[in-house]
Amino acid sequence: MTVLRRTRSPSPRRAFLRTLLQVSMTAAPLVAALSAAPAAAQTEPPAPTHAASKAKPAKNAAKNASKSAPKKPARKPAVLPEYGDRADVMAFADAQAESLGYRREELRAILALARPQPTVQRLILPGPPGQAKDWGAYRQRFIEPQRLQAGLAFWATHEAALARAEASYGVPAEMIAAVIGVETFYGRIMGSFRVLDALATLSFDYPSPLPPGARDRSPFFREELRQFLILARENGLDPMAMKGSYAGAMGWGQFMPGSWRRYAIDFDGDGHVDLINSPVDAIGSVANFLKEHGWQRGMPTHYEVQVPSDTAARAQLLISDVLPQLDARQFESVGAQLSPQGRAHNGPLALIELQMGGAAPVYVAGTQNFYTVTRYNQSSYYAMAVIEFANTLGSWRKATGATDAKPASGGASGS
């Protein structure tokens with residue numbers, strides 16, 4: 001991977017690491033003071049207190065009683081130890097340094113500057129149990145006028161790059177644009193967490209105990225931390241300066257470090273792979289990611305289906321979740337009714353269930369291309385939001401009278 005453009009700091013990586021080591025080994029207190037400031041900006045803001053300030057006691061006696069009552073000391077949030085003081089983190093640095101291309105002292109110094117983030121711990125956990133999923137509410141978060149208008153502007157600006165990506169990888173331009181729109185609102189929301197802090201927190205301080213149904217994903221994030229450190233070294237990047245989501249995803253398309261190294265491409269031809277400052281590189285990289293994960297040119301993402309009323313028959317179709325494993329004949333053998341296009345589909349399908357809160361669920365028959373979109377984010381709700389955003393964006397663009405100089409590659413969905 002070639003060197004990424006650096007817009008914030010002109011210092012080469014060697015000078016950065018030399019300074020980092022000098023500060024770390026000779027002025028540790030100064031390091032702690034300097035590094036605490038950016039980390040503090042990522043912590044959760046304090047809860048508003050205006051309701052308490054407006055509360056007034058009904059009687060003077062109550063007011064006097066409240067004055068005389070002993071005050072409870074304010075409860076301080078738990079403070080996680082800094083990683084430079086953690087034997088397990090320093091052991092990780094010693095064990096991984098050589099394989100990651102660092103000297104032990106270098107990697108120790110970098111990890112010592114990471115700061116645990118309680119907000120990251122909170123955000124990584126699933127929502128409270130018992131909450132019904134609601135596809136309608138989820139859809140409204142993304143299929144809305146402002147984001148669609150931004151998508152039209154993005155498509156108009158990058159029409160040539162989107163057409164070239166579709167021709168090269170077989171992924172429709174509207175699908176590529178939809179992924180970027182859903183992920184970051186076309187570069188407006190790319191994350192404000194230091195990636196090093198987020199990945200270190202999820203590697204060494206994954207929430208515990210976990211709520212029912214959640215699992216410890218620290219091994220995954222520890223590997224992503226390794227990939228991030230390699231990415232920074234390979235591209236001469238300052239690991240302390242890179243920002244992203246609470247999970248460590250970066251850039252216009254929100255690539256995790258491992259996906260960046262495996263699937264990101266230099267699509268603007270400037271000799272650099274830059275998913276943060278180059279939307280054209282992001283366009284090509286999103287298309288490449290989807291193709292590498294099985295996108296089939298011209299195949300719809302899903303078909304309409306009427307599910308059987310029998311609960312057991314419906315459960316039989318849902319057993320494979322989003323992975324297509326049943327053909328059209330097997331769908332119909334248990335009472336499902338596919339659209340004519342779905343009955344003619346040559347390949348496996350999966351019954352996708354989208355819950356609607358207290359209303360009846362919505363069902364579609366997903367193809368391999370629907371499954372491919374879930375490889376970007378492992379959620380059928382996410383995939384359907386991207387697909388419907390793509391369909392709506394394409395319709396809006398046609399309504400403007402825009403014409404695309406590219407061969408048709410099939411719509412996102414079938415009837």
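We did not get these values from a lab; they are worked out from the coordinates using the rules stated. Nothing here was measured: the structure is a model prediction, and the numbers come from that model. All Cβ positions, glycine included, derive from the backbone under ideal geometry; neighbour counts span all protein chains shown.
A few remarks follow.
- By the count of neighbouring beta-carbon atoms within 10 Å, fewest first, T184, T311, T157 end up ordered T311, T157, T184.
- In the stretch 210-298, a dipole from Cβ-located charges (positive for Lys and Arg, negative for Asp and Glu) runs towards its positive end, and of V286, F267, L210 it is L210 whose Cα lies farthest in that direction.
- For the stretch 287-332, fraction of C-alpha pairs farther apart than 18 Å, in %: 42 percent
- Size of the stretch 297-415: Rg and Dmax of its alpha carbons, in Å, are 15.0, 49.
- A simple spin-label model places the labels of T400 and E159 0.9 nm from each other, with each point 7 Å out along Cα-to-Cβ.
- In this label model, L318 and A137 are separated by 1.9 nm, measuring between points 7 Å along each Cα→Cβ vector.
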